[in-house]
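Have a look at the structure below, then the notes.
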Amino acid sequence: MMAKTVLLDWDGTLWDVLEFMLETYTHVFNHFGLRVWTREEYREKFRHDWRDMLDDMGLAEHEEYLVNYWEDKIRYDRPMAYDWVKGFIEETAKEHALGVVSSAPRKPLMRELDRNNILEHMEVVVSGDDFEDRKPSPTPLLYATKRLGVKPEDCIYVGDMVEDIQACRQANMPVIAVTWGLHSKSRLEAEKPDHLVEDPVELMEVIKGDG
């Protein structure tokens, strides 16, 4: 049965941020004399909570440096949504209620959704500022379903990280994992999502119930 509601992750799933993040961490690793990760290593090692990753690298005390560099870089080098996203959102919104559930801070999340002409189609937006519990906790997903008045099992979530899959499992919500984002295909496969898709055409087919 086709899901009534489609909930979407932002970073990496709709927002083309992988190369931007690679450049950011390359700069930080170089600055502190650490070996720079390859693109493949990054997708294998990236943690959903970047603070945990800094701790793994022994850089927890330098969190402010990373944040300041990120904020300076994004002023002149803003990532955009993938070029297919606007059409995908407009088409999907014809038959489904849509929402975004992201761990990103609310202010920049709302700004980027608006800048990419996506915000107007969203019936709910849940940000990382709304709860202390973040994915893989199911709390943000369950809050979105409560706001929309739907059951988790009548929704489907689209994400690019293992924590997205884990959160959906706990929420009893079907999940589509996409392979173009921040986590590698092998990491996603290991979590056994309901669907694993490799391009936007396949994503649309699954959402329509044809995949």
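The values are calculated or read from the model by the stated rules, or taken from the named source; none is laboratory data. All figures in this text were calculated on a predicted structure; none of them were measured in a lab. Ideal geometry is used to build each Cβ from the backbone, glycine not excepted, and the neighbour counts take in all protein chains shown.
Summary table
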read-out: Residue that is nearest to Y76 (Cα to Cα), among those in region 23-40 that are in contact with a helix residue (DSSP H, G or I) (Cβ under 6 Å, 6 or more places away or on another chain) and aliphatic (A, V, I, L, M); value: V28
read-out: Among the candidates P152, P136, P200, residue that is within 24 Å of R43 (Cβ to Cβ) and either modelled with pLDDT of 95 or more or among the polar types (S, T, N, Q) (or both); value: P200
read-out: Helices (runs of 4 or more DSSP H) (entirely within region 49-149) containing at least 1 residues that are among the hydrophobic types (A, V, I, L, M, F, W, C) and outside the structural domain of V175 (by TED's automatic domain parsing); value: 50-56, 63-76
read-out: Selected residue [surrounded by 17 or more Cβ atoms within 10 Å (Cβ to Cβ) and farther than 30 Å from I207 by Cα] from T13, T24; value: T24
read-out: Residue count, region 162-211 (criterion: of a type in the set (S, T, Y) and part of a helix (DSSP H, G or I)); value: 1
